1. So residue 52 fits all but one of (1) part of a loop (DSSP other than H, G, I, E, B); (2) at pLDDT below 85; what number is the exception?
2. Only residues that are in a helix (DSSP H, G or I) and either surrounded by 10 or more Cβ atoms within 10 Å (Cβ to Cβ) or in contact (Cβ under 8 Å) with a residue 24 or more places away in the chain (or both): list them for segment 9-38, please.
3. For the list (1) surrounded by 11 or more Cβ atoms within 10 Å (Cβ to Cβ); (2) part of a helix (DSSP H, G or I); (3) not polar (S, T, N, Q), I need the number of the one condition that residue 43 fails.
4. Within segment 8-18, how many residues turn out to be within 18 Å of residue 32 (Cβ to Cβ) and charged (D, E, K, R)?
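The values are calculated or read from the model by the stated rules, or taken from the named source; none is laboratory data. Keep in mind that what you see is a predicted model, and the values were worked out from it rather than measured. When we count neighbours, we look across all protein chains shown, and the Cβ atoms used for this are built from the backbone with ideal geometry, even at glycine.
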Amino acid sequence: MEVAILKAFNGSVPKGLVLRTDNGPQYVSHEFRNAMKLPGIKLEYIQKHTPENNADIEIP
């Protein structure tokens with residue numbers, strides 16, 4: 001996962017990057033949260049039943 005993140009940002013993750021997701025099991029898993037800590041990506045979760053707060057991921 002770390003290689004994919006670094007590729008997406010040409011080798012350097014921008015400081016202060018925040019990833020906003022829903023509370024799906026893939027995003028709340030320990031493995032995912034730990035993988036986001038390594039490159040310094042902050043996680044932010046939307047409230048339940050509010051897909052409009054997660055528009056980039058919740059595309060119909």
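1. All conditions are met except number (1).
2. 27, 28, 32, 33, 34, 35, 36, 37
3. Failed condition: (2).
4. 0
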